[in-house]
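For reference, the structure is listed below as structure tokens.
The values are calculated or read from the model by the stated rules, or taken from the named source; none is laboratory data. The structure presented is a predicted model; accordingly, all values stated were derived computationally and were not measured. Positions of Cβ are backbone-derived with ideal geometry, glycine not excepted, and every protein chain shown enters the neighbour counts. SASA here: full protein model, heavy atoms, side chains in, ligands and nucleic acids out. Shrake-Rupley method; radii C 1.70, N 1.55, O 1.52, S 1.80 Å.
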Amino acid sequence: MARTPIAQMSFTKIYPLLVQKAERKGRTREEVDTVTCWLTGYDQAGLARQLERDLTYADFFNEAPALNPHRTLITGKICGVDVTAIEDPIEQNARYLDKLVDELASGRAIEKILRA
């Protein structure tokens, strides 16, 4: 079976799974929204509007108001892949988001997650 490229995956369907991952470890949807907004430049209302649409990851990141320039400070591996080595910008941004949610789920302080 062929693997669907991340850019074509439904962001609208995967976002609730990211929230569930964080909530299972005692974090909140608001915290997931905070890291998502930090990464993409969406405000809370803009993020909510995007989640009401059936968006792909490509749509979500291509329409992002201002990708955070500090996102390149996110390092480490997600699904065994070094996020800094990913060449496709949509896949890299999706993996950055996944990494941020993983950091939330592991109990890391929000100030450190946001590279503040």
Can you tally the lysine pairs in the chain where the Cα-Cα distance is under 16 Å and the two residues are eight or more apart, or on different chains? 5
Whole-number D in µm²/s for the chain (Stokes-Einstein; Kirkwood sum over Cα pairs; 37 °C, 0.692 mPa s): 230 µm²/s
Solvent exposure of the chain as accessible area per residue, Å², 1.4 Å probe: 55 Å²
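With r as the distance between the Cβ atoms of Lys13 and Leu73 and R0 = 30 Å, compute the FRET efficiency 1/(1 + (r/R0)^6) and round to 0.05.
Numbers: r = 28 Å, r/R0 = 0.95.
The pair Leu73/Lys13 has a calculated efficiency of 0.60.
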Could you pull the Cα extents of the range 58-116 along its three principal axes, largest to smallest, in whole Å? 30, 27, 16
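Given a 1.4 angstrom probe, I'd like the percentage of the accessible area of the chain that is carbon and sulfur, rounded to a whole number. Numbers along the way, then the final one.
Details: 3300 of 6380 Å².
C and S atoms contribute 52 percent here.
Using a/c under 1.5 as the rounded threshold, could you call the range 24-65 rounded, prolate or oblate? The axes a ≥ b ≥ c are square roots of the C-alpha gyration tensor eigenvalues, and prolate needs a/b larger than b/c, oblate otherwise. Let's see the in-between values first.
Details: a/c = 1.97, a/b = 1.68, b/c = 1.17.
Prolate shape, in that a/c is at least 1.5 and a/b is the bigger ratio.
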